[in-house]
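Encoded as structure tokens, the structure appears first; notes follow it.
Since every read-out is calculated from the coordinates, none of them should be taken as a lab result. In this text, all values refer to a predicted model and were calculated from it rather than measured experimentally. Note that each Cβ is placed from the backbone with ideal geometry, even for glycine, and that neighbours are counted across all protein chains shown.
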Amino acid sequence: MKKFLFLSTIFAILSSCSVSKKPEFLHISKIDVKNVSMRNITINADAVFMNPNNVGGKLSIDDMHIFVDNIDVGTISSEEFDVPSKDEFKVPLEGTFSMSKIYENNKNNLLNSVIKMVQTDSLNVQYKGNIKYHLGNFSYTYKIEKEQKVSLR
């Protein structure tokens, strides 16, 4: 009888902690310019997820890049993020890139690029890459592609 009670308890614990669905990627929000200098621009954003499971896990950035006017200017950094159970959560993303990368790739149209940036006071920013969810041996990769105009003010 004790063995049956013990096995029933273990089964109940394991079944209540199961991963029934992968966390759902909802969207990228709050793409903001954190810092602008003559040399560098730092951009922040939040990747918003919903975890319907009773267990958490971890999310990590896997080769995510920032593109400005279709030019790969840098990578996104973020520490490994602990996923809360049964909750909506945001993973902060941050990337810093050099203005010289934009100018190098637009040497022929440098004047047009500078005039466009001054007139519109904004950049066309894209996030492209992967965010990886993992819990034990289970993992899932989310493909991220988000494009937005970002004001430099």
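Protection proxy ranking of 139-151, 83-95, by the mean of other Cβ atoms within 10 Å over each peptide's residues and highest first, is 83-95, 139-151. Using 0.36 nm per residue and subtracting the Cα-Cα separation, the extra length available between V36 and S139 on full extension is 33.4 nm. Measuring between alpha carbons in the structure, the pairs from K21/K149; K30/K86; K86/K146 lying more than 29 angstrom apart are K21/K149.
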